1. With respect to Glu388, is the statement that it is open to solvent by 80 Å² or more (accessible area, probe 1.4 Å), closer than 15 Å to Gln327 by Cβ and either at pLDDT below 90 or in contact with a strand residue (DSSP E or B) (Cβ under 8 Å, 6 or more places away or on another chain) (or both) true?
2. Has region 402-413 got at least one residue that is among the acidic types (Asp, Glu), modelled with pLDDT of 60 or more and either farther than 25 Å from Thr374 by Cβ or within 32 Å of the chain's Cα centre (by Cα) (or both)?
3. Of the numbered conditions (1) under 30 Å from Ala259 (Cα atoms); (2) assigned to a helix (DSSP H, G or I), Ile197 satisfies every one except a single condition; which is it?
4. Could you please give the count of residues in region 129-143 that are under 13 Å from Asp190 (Cα atoms) and out of contact with any Leu (no Cβ under 6 Å at 6 or more places or on another chain)?
5. Residues that are open to solvent by less than 50 Å² (accessible area, probe 1.4 Å) and at pLDDT below 70: list the helices (runs of 4 or more DSSP H) wholly contained in region 1-74 that include at least 3 such residues.
6. In region 173-219, which residues are of a type in the set (Asp, Glu) and in contact (Cβ under 8 Å) with a residue 60 or more places away in the chain?
7. Lys249 fails exactly one of the following numbered conditions: (1) of a type outside the set (Ser, Thr, Tyr); (2) farther than 30 Å from Arg293 by Cα; (3) out of contact with any Lys or Arg (no Cβ under 7 Å at 6 or more places or on another chain). What is the number of that condition?
8. Looking only at residues in region 200-225 that are more than 22 Å from the chain's Cα centre (by Cα) and part of a loop (DSSP other than H, G, I, E, B), which one is farthest from Leu158 (Cα to Cα)?
Amino acid sequence: MSFADLMAKKMQKTLTKNLNKKTLTADNIEAFLKDLRIILLESDVNFQVIKKLIDQIREKALGEYIKEGLDYQQMLIKIIHEEFVNIMGTKNVDLTLTNKPAVIMVAGLQGSGKTTTIAKLANYLVKKQNKNCLLVAADIYRLAAVDQLRTLGKQLNLEVFHQENTKPEVIVANAKKYAEEQGFDVVLVDTAGRLHIDEALMTELVQIQKVVNPDEVLLVIDGMAGQDMINVAQTFIDKINVKGFILTKMDGSAKGGIALSLSYLTKLPIKFLGSGEKVNDLEVFYPKRMADRILGMGDVESLIEQAQDNFTARDIEATMNRMMLGQFDLNDLLNQMKQVKNMGKLGSLARMIPGIGAKISDDKIATAEADLKTAEVIISSTTLKEREKPQLLRYPTRKARILKGSGRTEKELNKLLQQYEKTKKAMDRIAGQVKQGQMPDLPGLQEIFKNQN
């Protein structure tokens, strides 16, 4: 479970415990702040940040709570949300890419996910900003670092620049010159990392910065590494012109409190969050959205952006056309399942939906994910004709063949057919409403998690 998801569960629990009162008093507020302090400590938030948050929330809450006519519960949640946003930097900060080619120098300790992050960043620049990117393999020390970047570059269909038996600063200088000649928009430099800070590492980074004068210097920070990374970050900042951070491994970081600490303590912005191993697993960091997630309010904006990245306009148009004609079949259902799967982990997606947030249980998420996998296996074991006419799957001989081919049970097949019928009825209802000029009653993703056995 990610840091934001775990925080949201804990926050929901303590908010319910302390704020479900008929009267909100100074004692209620102190009881809540005591629980909040424990949550922040358990999440490995820096003690200075905890003190700042608690003091600010207390000051505002006690100052506002005596006013008549206010909904005290909503007021306190609003104050908490504002302070979380303020502590994380108020707003997102874009990349500054003024030159052509613009140079992005990426630094960080070994093991932070730096090389993978460069590929994710390149993928983001290509897809979101239509940039022509050149990847530069300047880590000549870690075994397989160059090969790893080449593999990632091949996956993204991007060129990787490297020169054997050459100093890193010379590789980078030559790469920039090559990029100028070939008309690249952005040069992304993978620098060497170490297991710890040392003078040789810093000297090399200073030299690279000196020869190419990068537009952006981004520091990759392991979100699971804890508050020690604050000191590591400050050491980098003292030596090179760091412009911002990319936090990695945030999908599995129960102690990801560095997300609440880093900007406040360094006065530099978090620009991106990395989660997962896929090249799409990078998102722009928005303090407000992170605060929404932590408080279990969902994150519809990020959910929509992920959907736009994974659902093509052609797929959407084709599905809508088939829905309006009443032709929604198992091919459409399978396609939708694959698209949702490409968007990321189902639990993370579910928690972006207001009304679900931290309330949905891990067991229910696990069951829903298992159901999607099972459904995909079963549908993949059917013929094209059976997918187009799901009613054929009611015949015993066809059922027996599919169950044998998929290795699933009759109960699981029946559950899939029931889910298909339910989805088709919803699609038919929406189509009917649209044809009559009515506002469609769109089914929420909550349906995925209902009635799980």
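1. Numbers: open to solvent by 80 Å² or more (accessible area, probe 1.4 Å): yes; closer than 15 Å to Gln327 by Cβ: yes; either at pLDDT below 90 or in contact with a strand residue (DSSP E or B) (Cβ under 8 Å, 6 or more places away or on another chain) (or both): yes.
Yes: the conditions hold for Glu388.
2. Pass one, region 402-413, residues among the acidic types (Asp, Glu): 410, 412.
Checking which are modelled with pLDDT of 60 or more leaves us with 410, 412.
Remaining after also requiring either farther than 25 Å from Thr374 by Cβ or within 32 Å of the chain's Cα centre (by Cα) (or both): 412.
Within region 402-413, one or more residues are among the acidic types (Asp, Glu), modelled with pLDDT of 60 or more and either farther than 25 Å from Thr374 by Cβ or within 32 Å of the chain's Cα centre (by Cα) (or both).
3. Going through the list (1) under 30 Å from Ala259 (Cα atoms); (2) assigned to a helix (DSSP H, G or I), Ile197 breaks only (2).
4. Counting residues in region 129-143 that are under 13 Å from Asp190 (Cα atoms) and out of contact with any Leu (no Cβ under 6 Å at 6 or more places or on another chain) gives 7.
5. 3-19
6. So the first thing to find is which residues in region 173-219 are of a type in the set (Asp, Glu), and the list is 180-181, 185, 190, 198-199, 204, 215-216.
Listed by number, the residues that qualify are Glu180, Asp185, Asp190, Asp215, Glu216.
7. For Lys249, the exception is condition (2).
8. Only one residue fits best here, namely Asn213.
The values are calculated or read from the model by the stated rules, or taken from the named source; none is laboratory data. Bear in mind the structure is a predicted one, so any value in this text is a computation, not a measurement. Cβ atoms come from the backbone with ideal geometry, glycine included; neighbour counts cover every protein chain shown. With ligands, DNA and RNA removed, areas are computed over all heavy atoms of the protein, side chains included. Shrake-Rupley method; radii C 1.70, N 1.55, O 1.52, S 1.80 Å.
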